[in-house]
Amino acid sequence: MSDPNVLSHDPAPEPAVGIALDQTFPEIRDGVRALCAGFPGAYWREKDRERAYPGEFVAALTEAGYLAALIPEAFGGSGLPIAAAVAILEEIHRSGCNGAACHAQMYTMGTVLRHGSEAQKRRYLPAIAEGNLRLQAFAVTEPGAGSDTSRLQTTAVRDGTDYVVNGQKVWTSRAEHSDLMVLLARTTPREDNAARRDGLSVFLVDMREAVGNGLTIRPIRTMINHATTELFFDDLRIPASSLIGNEGAGFGYILDGMNAERILIAGESIGDARYFIDKATAYACERQVFGRPIGQNQGIQFPIARAYAQTEAADLMVRKAAAMFDAGRPCGAEANMAKLLGSEAAWAAGDTCMQTHGGFGFAEEYDIERKYRETRLYQIAPISTNLILAYLGQRVLGMPRSY
Ligand SMILES: Cc1cc2nc3c(=O)[nH]c(=O)nc-3n(C[C@H](O)[C@H](O)[C@H](O)COP(=O)(O)OP(=O)(O)OC[C@H]3O[C@@H](n4cnc5c(N)ncnc54)[C@H](O)[C@@H]3O)c2cc1C
């Protein structure tokens with residue numbers, strides 16, 4: 001009975017949150033794969049070399065309606081569950097493409113949807129769904145605050161019918177390729193609030209009016225092609241109608257959106273992991289050294305098999321988190337674990353893929369080194385691994401707080 005192929009298994013019990021155990025959304029996956037086939041490695045290599053925005057790819061996704069997957073039908077979107085958006089991003093990444101050029105549009109609109117006024121929803125969501133307005137930018141991180149969001153120093157001070165914004169953001173990705181930006185800024189000094197999460201507010205900034213009128217964008221060249229930037233606010237005036245929800249309650253609104261962000265990015269990581277496993281498996285079967293395929297050697301075969309097992313396990317957590325999110329249940333722990341396990345599975349699969357390819361893994365034309373660089377991001381952004389572990393250790397397991 002040592003061969004797992006001859007083991008019999010009891011039927012699996014029904015999962016508590018109805019997680020689909022077979023491949024989800026096959027038609028959506030087929031459609032995404034067909035679209036991605038038009039954007040082969042050569043396209044991404046050129047963009048990577050030039051650090052250029054993949055505008056054609058984003059336009060194709062927008063036109064096909066994929067970026068409006070989560071916008072309710074009443075506002076012109078498809079009203080699909082987050083599990084479908086996960087499938088879209090996973091297939092993009094499994095195909096060798098990269099959803100980071102536009103994934104924020106899927107989750108940042110949730111801030112408007114959940115906390116915006118009826119007028120804001122009617123004004124923005126249908127235009128985003130149609131592709132006439134881009135909501136790609138999300139400005140939270142600041143150079144002086146780091147992971148401690150409560151230390152944000154960018155201020156928005158009410159002045160008549162406007163707010164006046166001053167301060168600085170860093171790592172605001174896609175700011176140059178967005179019409180709108182979700183901005184988290186301080187509206188009450190930190191020391192004047194009862195709780196450290198109070199006093200921050202969310203604004204929807206119209207970038208078309210802001211740039212050159214108090215907002216300066218400076219691109220940051222990074223190890224990957226990510227269109228990320230730093231922002232400088234110098235007496236930027238935005239209308240008071242830009243405020244989303246209640247003044248001072250912005251931190252909670254942003255946290256609401258973060259579960260969606262983590263689940264979606266975990267889906268991208270699963271796609272990356274599967275890309276690496278597909279590539280490694282194919283190469284292990286085809287590459288002949290010492291007169292036999294390298295995959296015949298267990299030193300090559302077993303790390304790929306392990307990466308596969310790790311990826312399948314991480315995928316189950318992504319599905320659980322997505323199912324809980326879609327059921328409207330609290331899913332902070334599951335969303336964080338999905339991101340943690342997905343990003344680590346992708347990194348392990350990438351490392352294995354590099355090792356399987358030997359020297360050729362370094363050749364740009366194989367695309368693996370580019371994907372390897374790209375997949376590294378998700379252990380740091382949108383939240384770093386340590387912060388997830390601290391959340392699990394302290395908020396879920398109840399151990400002493402370190403911050
Ligand atoms: C390419 C890229 C794109 C990004 N895009 C966006 C974006 O669009 N919008 C946005 O707002 N932000 C964005 N970010 C920022 C990203 O979310 C942050 O980089 C990330 O949250 C980590 O924050 P930090 O870089 O300030 O690290 P820091 O907070 O300075 O932390 C540095 C290291 O110390 C560790 N650390 C800190 N405190 C503790 C602790 N108490 N216990 C244990 N370890 C700790 C962290 O885990 C990390 O490893 C992006 C970042 C990058 C690199």
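The values are calculated or read from the model by the stated rules, or taken from the named source; none is laboratory data. This is a predicted model, so every value here is computed, not measured. In this analysis, Cβ positions are derived from the backbone assuming ideal geometry, glycine residues included, and neighbour counts consider all displayed protein chains.
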Query raised in the report: Is it the case that some residue within region 362-369 is away from the ligand (no atom under 13 Å from the Cβ), within 21 Å of ALA20 (Cβ to Cβ), surrounded by 14 or more Cβ atoms within 10 Å (Cβ to Cβ) and charged (D, E, K, R)?
Result: no
Report summary line: In region 282-314, anything touching a helix residue (DSSP H, G or I) at 6+ places or on another chain (Cβ under 6 Å) and closer than 19 Å to GLU344 by Cα is listed as PRO303, ILE304, ALA307, TYR308, GLN310, THR311, ALA314
Query raised in the report: Looking at (1) out of contact with any Ser or Thr (no Cβ under 9 Å at 6 or more places or on another chain); (2) over 23 Å from GLY18 (Cβ atoms); (3) not in a helix (DSSP H, G or I), can you tell me which one PRO330 breaks?
Result: (2)
Report summary line: Quick count over region 370-390, residues being surrounded by 19 or more Cβ atoms within 10 Å (Cβ to Cβ) and among the basic types (Lys, Arg), is 2
Query raised in the report: Restricting attention to region 267-284, does a residue exist that is in contact with a strand residue (DSSP E or B) (Cβ under 9 Å, 6 or more places away or on another chain) and over 19 Å from HIS93 (Cβ atoms)?
Result: yes
Requested in this report: Tell me which residues, restricted to region 59-69, are surrounded by fewer than 24 Cβ atoms within 10 Å (Cβ to Cβ) and not small (Gly, Ala, Ser).
Outcome: THR62, GLU63
Query raised in the report: Limited to region 379-403, what total is found for residues that are in contact (Cβ under 8 Å) with a residue 40 or more places away in the chain, within 21 Å of the chain's Cα centre (by Cα) and near the ligand (Cβ under 10 Å from one of its atoms)?
Result: 8
Query raised in the report: Residues that are within 16 Å of the ligand (Cβ to nearest atom) and exposed (fewer than 14 other Cβ atoms within 10 Å of the Cβ): which strands (runs of 3 or more DSSP E) entirely in region 129-223 hold 1 or more of them?
Result: 215-219
Query raised in the report: What number of residues within region 263-289 satisfy the criterion of being of a type in the set (Gly, Ala, Ser) and outside any helix (DSSP H, G or I)?
Result: 0
Query raised in the report: Are any residues in region 321-346 surrounded by fewer than 22 Cβ atoms within 10 Å (Cβ to Cβ) and either among the polar types (S, T, N, Q) or within 20 Å of ILE383 (Cα to Cα) (or both), and if so, which ones?
Result: PRO330, GLY332, ALA333, GLU344
Report task. Please verify whether region 258-267 includes one or more residues that are touching a helix residue (DSSP H, G or I) at 6+ places or on another chain (Cβ under 9 Å) and under 30 Å from GLY295 (Cα atoms). Result -> yes
**Report entry** Test: MET354 is surrounded by 17 or more Cβ atoms within 10 Å (Cβ to Cβ), over 20 Å from the mean Cα position of the chain (by Cα) and outside the structural domain of SER173 (by TED's automatic domain parsing)
**Finding:** yes
Query raised in the report: Within region 70-115, which residues are in contact with a Gly (Cβ under 7 Å, 6 or more places away or on another chain) and surrounded by fewer than 22 Cβ atoms within 10 Å (Cβ to Cβ)?
Result: PRO72, GLU73, SER78, GLY110, HIS115
Query raised in the report: Of these, LEU231, LEU236, which one is in contact with a Gly (Cβ under 8 Å, 6 or more places away or on another chain), assigned to a strand (DSSP E or B) and not hydroxyl-bearing (Ser, Thr, Tyr)?
Result: LEU236
Report summary line: With the first residue restricted to region 132-147 and required to be more than 26 Å from ARG208 (Cβ to Cβ), and the second required to be near the ligand (Cβ under 8 Å from one of its atoms), Cβ contacts under 9 Å at 6 or more apart or on different chains are SER147/THR141; SER147/ILE383; SER147/SER384; SER147/ASN386; SER147/LEU387; SER147/TYR403
Report task. Report, ordered by the first and then the second residue, all pairs with beta carbons closer than 6 Å, sequence separation of six or more or different chains, a first member in region 171-193 that is closer than 17 Å to HIS115 by Cα, and a second member that is hydroxyl-bearing (Ser, Thr, Tyr) and within 14 Å of the ligand (Cβ to nearest atom). Result -> VAL182/THR108; VAL182/THR111; ALA185/THR154
**Report entry** Only one of ALA307, ALA346, ALA313, ALA338 that is within 13 Å of ALA273 (Cβ to Cβ) and in contact with an Asp or Glu (Cβ under 6 Å, 6 or more places away or on another chain)
**Finding:** ALA346
Query raised in the report: Only one of (1) within 16 Å of the ligand (Cβ to nearest atom); (2) hydrophobic (A, V, I, L, M, F, W, C); (3) at pLDDT 95 or above is not met by ALA64, so which one is it?
Result: (1)
